[in-house]
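The values are calculated or read from the model by the stated rules, or taken from the named source; none is laboratory data. Note that the structure is a prediction, hence the values are computed from the model and not measured. Ideal geometry is used to build each Cβ from the backbone, glycine not excepted, and the neighbour counts take in all protein chains shown.
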Amino acid sequence: MTLSPEVATRAAQLTYVLMIVLMMAGLYILASRDNLVKKLVGLGIFQSSVYLLYIAPGTLLGGTAPILDARFSVYSNPLPHVLILTAIVVGVATLALGLALVVRIRERYGTIDEDDIVDADNAEDAREGDAPSAEGDA
């Protein structure tokens, strides 16, 4: 089944519109939320939009895998797909590390809200500034 050029162009435009919507949604979630888990969700959405950005131009309608055969004349480039597969693995590792850090932050501060963490850290710094140091007071 072949698509007309108009339908193929419209599909490509919709792919880019979806990519932009996902990118802006992920960026908004990253910037506007104080909850660290929500920030990680926003990061995941943003990463998904980047995957779509790289995959969309790499797809070729009617293209086949790059296996030389007399029956095929149009081949798809596999490099964007391989790079995105690597990016997905890195994204999953980044998300796992971020979630592990959120667990440790929750254990230390009792919250995962960014403002509460900053306030607790500032209060701890203020207490340390008022207490005499053990190193230089002898």
Per the list (1) of a type in the set (Gly, Ala, Ser); (2) at pLDDT 85 or above; (3) more than 22 Å from Asp113 (Cα to Cα); (4) surrounded by 13 or more Cβ atoms within 10 Å (Cβ to Cβ), residue check on Ala93 breaks on (4)
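Residue-by-condition table, conditions (1) closer than 29 Å to Glu6 by Cα; (2) surrounded by fewer than 14 Cβ atoms within 10 Å (Cβ to Cβ); (3) out of contact with any Cys (no Cβ under 6 Å at 6 or more places or on another chain):
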{"residue": "Ile29", "(1), (2), (3)": "no, no, yes"}
{"residue": "Ser32", "(1), (2), (3)": "no, yes, yes"}
{"residue": "Asn35", "(1), (2), (3)": "no, no, yes"}
{"residue": "Leu53", "(1), (2), (3)": "yes, no, yes"}
{"residue": "Ala56", "(1), (2), (3)": "yes, no, yes"}
{"residue": "Thr59", "(1), (2), (3)": "yes, no, yes"}
{"residue": "Gly63", "(1), (2), (3)": "yes, no, yes"}
{"residue": "Asp69", "(1), (2), (3)": "no, yes, yes"}
Of (1) under 30 Å from Pro57 (Cβ atoms); (2) at pLDDT 95 or above, Ala100 satisfies every one except (1)
Among (1) surrounded by 14 or more Cβ atoms within 10 Å (Cβ to Cβ); (2) not in a helix (DSSP H, G or I), Ser73 falls short only on (1)
